[in-house]
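Participant: The following block contains the structure, expressed as structure tokens.
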Amino acid sequence: MSFETRNVDTLVLHGGGFRADPATGATTVPIYQSVSFDLQGTARAERLANLAEIGFMYTRVGNPTQEALEQRLAALEGGAAALALASGQAATAIAVLTLVQAGDNIVSGTDLYGGTWAFFAHRLRQFGIETRFVDPSDPENFRRATDDRTRLYFGETLPNPKLEVFPIREVAEIGRDFGIPLIIDNTLAPVLARPFDHGAAVVVYSATKYIGGHGTTIGGAIIDSGRFPWAEHATRQPLLTRPDPSYANKSWVELAQPFGPIAYILAARAGLLRDLGPAIAPHSAFQLAQGLETLPLRILRHSDNAARVAAFLSGHPKVSAVIYPGLQEGEARRRADAYLSGGYGGLVGVELTGGIEAGKRFIDSLKLLYHVANIGDARSLAIHPASTTHGQLTPEEQHASGVTPGYVRLSIGIEAVDDIIADLSQALDRV
Ligand code: PLP
């Protein structure tokens, strides 16, 4: 964008290079539903294949609709470049696998989305990679778990069910001395939290949630801050700094040099995405770009409504606890206020005094809120983990997750808040 601004409300509409379609003048990014792109002669084809030039060849690794979304996300986040992917899970997987190989380990906070937990605790083992889980409420736990084979730290800005904000600055600082980047999943706090301002090296999103915002599209993204000094940590980060045999024995730092500080995201795209293949469909990228345009407006409304819901629930006789950052005290509240601005997000946890049966009756009594596994939809949503996804966990994992039998997760939407509260109220009356 030639107009310079740091205002997120403007960046979500104008950020990145897309102004109008060069062929037609269309001001909304077209859906480039094409697998391949004209290579314009063998000389250019060779340059593209060798990464001497960056351009479109094949939609698995790059497409103009995807690119428009990527550039807007990078602009919004204040990063150097982004990679849009088929899902949030793909974003986390590729963000991590770009830096680790068999024998390495990663250190992650315990407070994680269940899919990320399963990937770290179980799937990564299949590739010979160990995850060391630590309690993120004490950032020093990350230092204590680090050894010579630790390649990255991972945390979620606003993890549910605890909704205790991750100490981004503290953990990023510990990693800086070791040459270890912090990857932050900012899915629940886009716009509200700005992880790069606090030292995170990489941000991942499930764009399925607030970015898309309407419950229509699965997608994910990785955003590279462009600020992590990979070249200074050659021993710690061999996958980016040593020759890659699949690219003419050049390192990603070397390959990226003509294009800017994008070694990490280039490796993620031209290495991992090329080899594993979870590309986002152009149509999905288009829909997520549409959602992104109203994200700042929606996230404020989600947050305002959630604050009103949390206040209503905290006084209710059938509720034993309300989990919501704005109601926390002590260090958890200090972190929420240090890392979030404009609101505390759209999630509210509620513990019902009547345990598992109360949770089921409450869910079955809702008339306005949908009973679904998703979060971050414009509509209000609810789920009772003890009677759904929780059954897949081991007893230890159930305990570690912090979810109790009477816990219900609410993802508060942008409806009239009085209607949301009326529905919650009538459902509580039936518990
Ligand atoms: N990260 C967080 C915090 C999530 O809540 C989710 C999904 O619920 C994911 C990642 C995975 O995203 P997706 O469902 O788009 O694969």
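Participant: Jot down the radius of gyration and Dmax of the range 7-99, Cα atoms only, both in angstrom.
Facilitator: Rg and Dmax of the range 7-99, Cα atoms, are 14.7, 43 Å.
Participant: Moving to a separate point now. Local charge sum around residue 74 (other residues, Cβ-Cβ under 11 Å, Lys/Arg +1, Asp/Glu -1)? Before the final figure, lay out each step's value.
Facilitator: Details: positive: 72; negative: 67, 70, 77, 224.
Here the count lands on -3.
Participant: What list of ³J(HN,Hα) couplings, whole Hz, do you get for the range 269-286 from phi and the Karplus terms 6.51, -1.76, 1.60, once you set θ to phi - 60° and write x for glycine and proline?
Facilitator: Result, rounded to whole Hz: 7, 7, x, 5, 5, 4, 7, 9, x, x, 6, 8, 5, x, 5, 5, 4, 4.
Participant: For the chain, how many pairs of lysine residues have a Cα-Cα distance under 23 Å, where the two are 8 or more positions apart or belong to different chains? Please list the in-between numbers first.
Facilitator: Details: 162/209; 162/318; 162/360; 209/367; 318/360; 318/367.
Taking the chain as the scope, the lysine pair count is 6.
Participant: Quick one, what does Rg over Rh come out to for the chain if you take C-alpha atoms and the Kirkwood Rh?
Facilitator: Working: Rg = 21.9 Å, Rh = 22.3 Å.
Across the chain, the Cα-based Rg/Rh ratio is 0.98.
Participant: Just to verify a number: what accessible area does residue 250 come out at with the full protein assembly present, 1.4 Å probe, Å² rounded to tens?
Facilitator: Rounded to the nearest 10, the figure is 90 Å².
Participant: Report, in deg cm²/dmol and to the nearest 500, the calculated mean residue ellipticity at 222 nm for the chain, where each DSSP H run with n ≥ 4 adds -39500 (n - 2.57) and the sum is divided by the residue count. The partial results should precede the final answer.
Facilitator: Numbers: 16 runs with 148 residues, N = 431.
That calculation yields -10000 deg cm²/dmol at 222 nm.
Participant: Quick one: check the C-alpha center-to-center distance for the range 273-300 versus the range 168-211, whole angstrom.
Facilitator: What the calculation gives is 19 Å, centre to centre.
Participant: Pairs of alpha-carbon atoms within less than 8 angstrom and 6+ residues apart define the contacts here; what relative contact order does the range 138-216 have, in percent?
Facilitator: Details: 117 pairs, mean separation 21.7, N = 79.
Computed over the range 138-216, the figure is 27 percent.
Participant: For the chain, find the longest principal axis of its Cα atoms and tell me its angle to the long axis of helix 64-77, 0 to 90°, nearest 10.
Facilitator: Once rounded, one gets 60 degrees.
Participant: Quick one: net charge of residue 57's neighbours, Cβ under 14 Å, K/R +1, D/E -1?
Facilitator: +1
Participant: Per the 1.4 Å probe, what fraction of the accessible area of the chain, in percent, lies on carbon and sulfur atoms?
Facilitator: Working: 9340 of 17860 Å².
It is 52 percent, rounded to a whole number.
Participant: Which one of 387, 246, 87 has the biggest mean-square fluctuation once the chain is modelled by GNM with Cα springs under 10 Å?
Facilitator: Of 387, 246, 87, the Gaussian network model singles out 246 as fluctuating most.
Participant: Sequence gap at least 6, Cα distance under 8 Å: using those rules, report the relative contact order of the chain to the nearest whole percent.
Facilitator: Values: 878 pairs, mean separation 68.5, N = 431.
Across the chain, relative contact order equals 16 percent.
Participant: At 10 °C and 1.306 mPa s, what whole-number value in µm²/s does Stokes-Einstein give for the translational diffusion of the range 330-431, with Rh from the Kirkwood sum over Cα pairs? Walk me through the intermediate numbers first.
Facilitator: Details: Rh = 14.7 Å.
Translational D for this selection: 108 µm²/s.
Participant: A further question on this structure: Can you give the three extents of the C-alpha atoms in the range 212-303 along their principal axes, from longest to shortest, in whole Å?
Facilitator: Over the range 212-303, Cα extents along the principal axes are 47, 26, 22 Å.
Participant: Hey, what's the range 296-429 come to in accessible area per residue, 1.4 Å probe, Å²? The partial results should precede the final answer.
Facilitator: On the way: 5790 Å² over 134 residues.
Normalised by residue count, the accessible surface of the range 296-429 is 43 Å².
The values are calculated or read from the model by the stated rules, or taken from the named source; none is laboratory data. Because the structure is a prediction, the values reported are computed rather than measured. Glycine gets a Cβ as well: all are built from the backbone with ideal geometry, and neighbour counts include every protein chain shown. What goes into the accessible areas is simple: the full protein's heavy atoms, side chains included, and nothing from ligands, DNA or RNA. Shrake-Rupley method; radii C 1.70, N 1.55, O 1.52, S 1.80 Å.
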